[in-house]
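Enquirer: I'd like to ask some things about the structure below.
The values are calculated or read from the model by the stated rules, or taken from the named source; none is laboratory data. Keep in mind the model is a prediction, meaning the values are calculated, not measured. Quick reminder, even Gly has a Cβ in these numbers, built from the backbone with ideal geometry, and neighbours come from all protein chains shown. What goes into the accessible areas is simple: the full protein's heavy atoms, side chains included, and nothing from ligands, DNA or RNA. Shrake-Rupley method; radii C 1.70, N 1.55, O 1.52, S 1.80 Å.
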Amino acid sequence: DYLTHLAVCHTIITEEKDGVVEYKASSPDELALVNAARYFGFKFMGRDSDQNLILNIGETQLLISILNVIEFTSDRKRMSVVIRLPNGRYKILCKGADTILLPRLKPSDTVDVTYRHLEDFASEGLRTLVLTQRELSESEYIRWNEQYLDAARDILNKEKRIASVAELIEQDLELVGATAIE
C-alpha cells in the first residue's frame, strides 16, 4: 500500500525520450517520492488515452483509474486522489501535513509510534508527509462524486466548495505511513 500510494498519489506527468520515461513535476518532493517508488519496483509509466494511470510492478502492469484529484492548497495542506483499482475497489489516497491528517485518522497501534518518528525527522530538518487511505463503497463514491462535480462547476466558489466536499470523504483514514525528505 505504501509504495502504491507513492506511485499513484501525485500530479506528475511523464515524457518519453529515447525509450526512457522521464518525470515532470511541479514539486521536487513529489518527484522524489515517485522516484522512490520506482526504485522499489513500483514504476509510474504515465497515463493511457482514458487517463488511467499505468503502473508497472515487476512484470505486472496495472491500470488504475484516477477518478478525482483534490489538489494540494496552502489552506488544505494535503492532496487526495480517488481511484478505482483493477479489481473494482474504490479508494481515497491522501497525503499531507501530520497536523492536518492526525485528526482524520481512525485509531491504530501504529499512529503514536509514527508520530514520534515524524517528530524526530522534523527536528532533523526533514520535510515530512503522512500517507493515508480509506476504502470506499461504490455507492459512497457515487454519492460523494455528485457533490464533487457540483462543486467543481461552481465558477465563483469552486475552490472553497471543493475543499468543503473533500472534508466529507477525507475522514476515518487509515495510516499507511510517513515520508521524510532532506
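Enquirer: Out of region 160-182, which residues are in contact (Cβ under 8 Å) with a residue 60 or more places away in the chain, outside any helix (DSSP H, G or I) and either open to solvent by 30 Å² or more (accessible area, probe 1.4 Å) or under 19 Å from Glu30 (Cβ atoms) (or both)?
Expert: Answer for region 160-182, where residues must be in contact (Cβ under 8 Å) with a residue 60 or more places away in the chain, outside any helix (DSSP H, G or I) and either open to solvent by 30 Å² or more (accessible area, probe 1.4 Å) or under 19 Å from Glu30 (Cβ atoms) (or both): Glu170, Gln171, Asp172, Glu174, Val176, Gly177, Ala178, Thr179, Ala180, Ile181.
Enquirer: Same structure again: Taking the criterion of being open to solvent by 50 Å² or more (accessible area, probe 1.4 Å), within 30 Å of Ser164 (Cβ to Cβ) and modelled with pLDDT under 95, would at least one residue in region 16-26 satisfy it?
Expert: yes
Enquirer: Right, here's the next one. Test Ile13 against the stated conditions and say whether it is closer than 28 Å to Ala151 by Cα, open to solvent by 60 Å² or more (accessible area, probe 1.4 Å) and not acidic (Asp, Glu). So that I can check it myself, show each step before the final result.
Expert: Numbers: closer than 28 Å to Ala151 by Cα: yes; open to solvent by 60 Å² or more (accessible area, probe 1.4 Å): yes; not acidic (Asp, Glu): yes.
Judged against the criteria, Ile13 is a match.
Enquirer: Report, by residue number, each residue of region 71-87 that is modelled with pLDDT of 95 or more and open to solvent by less than 50 Å² (accessible area, probe 1.4 Å).
Expert: Arg78, Met79, Ser80, Val81, Val82, Ile83, Leu85
Enquirer: Spot the failing condition for Ala7; the list is (1) assigned to a loop (DSSP other than H, G, I, E, B); (2) open to solvent by less than 30 Å² (accessible area, probe 1.4 Å), and only one is missed.
Expert: (1)
Enquirer: Residue by residue through region 30-76, note down the ones that are of a type outside the set (S, T, N, Q), without any contact (Cβ under 8 Å) to a residue 24 or more places away in the chain and part of a loop (DSSP other than H, G, I, E, B).
Expert: Asp48, Asp50, Gly58, Glu59
Enquirer: So how many residues does region 67-117 have that are more than 23 Å from Asp29 (Cβ to Cβ), among the small types (Gly, Ala, Ser) and within 14 Å of the chain's Cα centre (by Cα)?
Expert: So the count comes out to 0.
Enquirer: Continuing with this model, one more query. So Leu63 clears everything in (1) out of contact with any Gly (no Cβ under 7 Å at 6 or more places or on another chain); (2) within 28 Å of Thr128 (Cβ to Cβ); (3) at pLDDT 95 or above except one condition, right? Which one?
Expert: (2)
Enquirer: Could you please let me know if Ser108 is among the hydroxyl-bearing types (Ser, Thr, Tyr), surrounded by fewer than 16 Cβ atoms within 10 Å (Cβ to Cβ) and assigned to a helix (DSSP H, G or I)?
Expert: In short, no.
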